Amino acid sequence: MYKIYLLISFICLLFPKSGTSQTTKLQASLFEGILVAGYIDHGAYINCTGPAVKYILKKASIMAGLLPSLKIKEDRVQAGAARNSLLTPTLGFGLTGCYKHLVVQLPAFYSAKTSTADGKWKLGVGVGYKF
């Protein structure tokens, strides 16, 4: 529950409501031309935004949608045990905030169950650029 309150607070800080009226718009998007790099689960990821629903303000927007990604993480396993690949393609979902060309992203990815860990949703954070 704490993570939800933190997420709502972040959104309110990113897009403050001013006294002047602004035109807002809600639209669907297939691809935005955004490239993001970030941190998640003791590793990194690189992604672009996929299909999303976008809420537009004058110079800013916030999107909720799918995130096709490439996770980069080295396994810490005992000698002789099987290792996973360093690069893993994955699909996540999350929120992406964009102000002019600066992008901040809060993604969620699912880590599958292994012999040593249960499957869990992992939250991350990333920064990127809108072309």
By residue number, the members of segment 107-131 that are part of a strand (DSSP E or B) and surrounded by fewer than 19 Cβ atoms within 10 Å (Cβ to Cβ) are ALA108, TYR110, SER111, LYS120, TRP121, LYS122, LEU123, VAL125, VAL127, TYR129, LYS130
Assuming ARG76 fulfils every condition listed in (1) part of a loop (DSSP other than H, G, I, E, B); (2) surrounded by 15 or more Cβ atoms within 10 Å (Cβ to Cβ) apart from one, which condition is it? (2)
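Any residue that is aromatic (Phe, Trp, Tyr), at pLDDT below 90, exposed (fewer than 15 other Cβ atoms within 10 Å of the Cβ) and over 18 Å from TYR99 (Cα atoms) - is there at least one of those in segment 2-11?
Residues of segment 2-11 aromatic (Phe, Trp, Tyr): 2, 5, 10.
Narrowing the set further to residues that are at pLDDT below 90 leaves 2, 5, 10.
Still in the running and exposed (fewer than 15 other Cβ atoms within 10 Å of the Cβ): 2, 5.
Okay, now just the ones that are also over 18 Å from TYR99 (Cα atoms), so 2, 5.
Yes: one or more hits.
Quick grid of which residues meet (1) surrounded by 14 or more Cβ atoms within 10 Å (Cβ to Cβ); (2) of a type in the set (Val, Ile, Thr); (3) in a strand (DSSP E or B):
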site	(1), (2), (3)
TYR39	no, no, yes
ASN47	yes, no, yes
LYS58	no, no, no
LEU67	yes, no, yes
LYS71	yes, no, yes
ASN84	no, no, no
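The values are calculated or read from the model by the stated rules, or taken from the named source; none is laboratory data. Quick caveat, the model's predicted, so the values are computed rather than measured. Neighbour counts run over all protein chains shown; Cβ positions are idealised from the backbone, glycine included.
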